[in-house]
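Here's the structure, in structure tokens; my notes come after.
The values are calculated or read from the model by the stated rules, or taken from the named source; none is laboratory data. Everything numeric here is computed off the predicted structure, so don't read it as measured data. For neighbour counting, all protein chains shown are included, and Cβ atoms are generated from backbone atoms with ideal geometry for every residue, glycine included. What goes into the accessible areas is simple: the full protein's heavy atoms, side chains included, and nothing from ligands, DNA or RNA. Shrake-Rupley method; radii C 1.70, N 1.55, O 1.52, S 1.80 Å.
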Amino acid sequence: MARRKIIAGNWKMNMTPSEAVELINTLKPLVENHEVDVVFCVPAIDIIPAVEAVKGTNIMIGAENMYYEEKGAFTGEISPAMLVDAGVKYVIIGHSERREYFAETNETVNKKVLKAFEHNITPIVCCGETLTQREQGVTIDFIRQQIKVAFLNVTAEQAKEAVIAYEPIWAIGTGKVATTEQAQEVCKAIRDCIGEIYDDATAAAIRIQYGGSVSASSAPELFAQADIDGGLVGGASLKADFGQIVNYNK
Ligand code: PGA
């Protein structure tokens, strides 16, 4: 069975609630492609107006982060139940910026992934190497470790529903997109790793995105690769270009 492509925008820390509604209204007609899943991952405070603004469209709203506890004394955090109640379907977990600036580790990523599944939110689990790691030739080893820990105690049934985003850190926000061969090589290695942890059926079902300076011009070739099931798009998701990326196949 062919995997359905998933193209997600990662807005990062951009757009106030009113700007978010304005942007969604601009992008709405541009991102209509019912052959792919379209997700806008938006700042927490934008979620409620964004869910309202996408009603009646093919766009789903995702969060950029979530805490792994149910509730309680965790000032400033957002719980999975809050996201579900607000209408969120997806959550980005372990983005490299969260690992770098907010002390996320493979272990916290694993806790969040498990908690997201408990609440039927689909995690978009991020992984990716630094330029140094790539130059040292340890990219695949490093990514395999990130994936293995992120999926500890995750069942095969859950893993089949998960999304993994492979985002080489050196390609994020730099305009330096990985070559198609580099992106495909690592996405295939991730799928093989999932096959080792689970089985062939799980490896065949899980969706793996590429992220890192995806643009309207690079998307068609990237998304045509055997193991690349779409993209996680930062900068270009805030512009009309996102419409072209979503419609890469048209
Ligand atoms: P970028 O960001 O497309 O701006 O490189 C991707 C991401 O960080 O998800």
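Could you pull out the residue among Thr132, Thr180, Thr139, Thr174 that is over 21 Å from Lys111 (Cα atoms) and without any contact (Cβ under 8 Å) to a residue 12 or more places away in the chain?
Thr132
Going by the conditions given, is Thr139 open to solvent by 20 Å² or more (accessible area, probe 1.4 Å) and either β-branched (Val, Ile, Thr) or within 16 Å of the ligand (Cβ to nearest atom) (or both)?
When the stated conditions are applied, Thr139 does not pass them.
Considering only residues that are open to solvent by less than 50 Å² (accessible area, probe 1.4 Å) and within 15 Å of the ligand (Cβ to nearest atom), which ones fall in the stretch 159-181?
Within the stretch 159-181, Val163, Ile164, Ala165, Tyr166, Glu167, Pro168, Trp170, Ala171, Ile172, Ala178 meet the criteria.
Taking Asn25 as meeting all but one of (1) open to solvent by 40 Å² or more (accessible area, probe 1.4 Å); (2) of a type in the set (S, T, N, Q); (3) more than 18 Å from Val246 (Cβ to Cβ), write down the number of the exception.
(3)
For the condition in contact (Cβ under 8 Å) with a residue 24 or more places away in the chain and in contact with a Ser or Thr (Cβ under 8 Å, 6 or more places away or on another chain), what is the one hit in Ala205, Ala162?
Ala162
When you scan the stretch 28-50, do you find a residue that is small (Gly, Ala, Ser) and either closer than 25 Å to Tyr210 by Cβ or surrounded by 23 or more Cβ atoms within 10 Å (Cβ to Cβ) (or both), even just one?
Checked against the condition, which is being small (Gly, Ala, Ser) and either closer than 25 Å to Tyr210 by Cβ or surrounded by 23 or more Cβ atoms within 10 Å (Cβ to Cβ) (or both), the stretch 28-50 yields at least one hit.
In the stretch 237-250, how many are near the ligand (Cβ under 8 Å from one of its atoms) and free of Cβ contacts under 8 Å to residues at least 24 places away in the same chain?
Count: 0.
For the stretch 71-87, enumerate the residues that are open to solvent by 10 Å² or more (accessible area, probe 1.4 Å) and within 26 Å of His34 (Cα to Cα).
Val84, Asp85, Ala86, Gly87
Mind telling me which of the residues Tyr101, Tyr68, Tyr90 ends up being over 15 Å from the mean Cα position of the chain (by Cα) and either open to solvent by less than 60 Å² (accessible area, probe 1.4 Å) or closer than 24 Å to Glu161 by Cα (or both)?
After ruling out the rest, the residue left standing is Tyr68.
Quick one: in the stretch 204-250, of everything that is within 21 Å of Met13 (Cα to Cα) and part of a loop (DSSP other than H, G, I, E, B), which residue is most open to solvent (accessible area, probe 1.4 Å)?
Only one residue fits best here, namely Lys239.
Which condition number in (1) at pLDDT 95 or above; (2) at negative phi is the one that Thr174 fails?
The one condition Thr174 does not meet is (1).
Yes/no matrix, rows are residues, columns are (1) away from the ligand (no atom under 13 Å from the Cβ); (2) in contact with a helix residue (DSSP H, G or I) (Cβ under 8 Å, 6 or more places away or on another chain):
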{"residue": "Val88", "(1), (2)": "yes, yes"}
{"residue": "Gly94", "(1), (2)": "no, yes"}
{"residue": "Phe102", "(1), (2)": "yes, no"}
{"residue": "Thr108", "(1), (2)": "yes, no"}
{"residue": "Lys111", "(1), (2)": "yes, no"}
{"residue": "His119", "(1), (2)": "yes, yes"}
{"residue": "Ile124", "(1), (2)": "no, no"}
{"residue": "Cys127", "(1), (2)": "no, yes"}
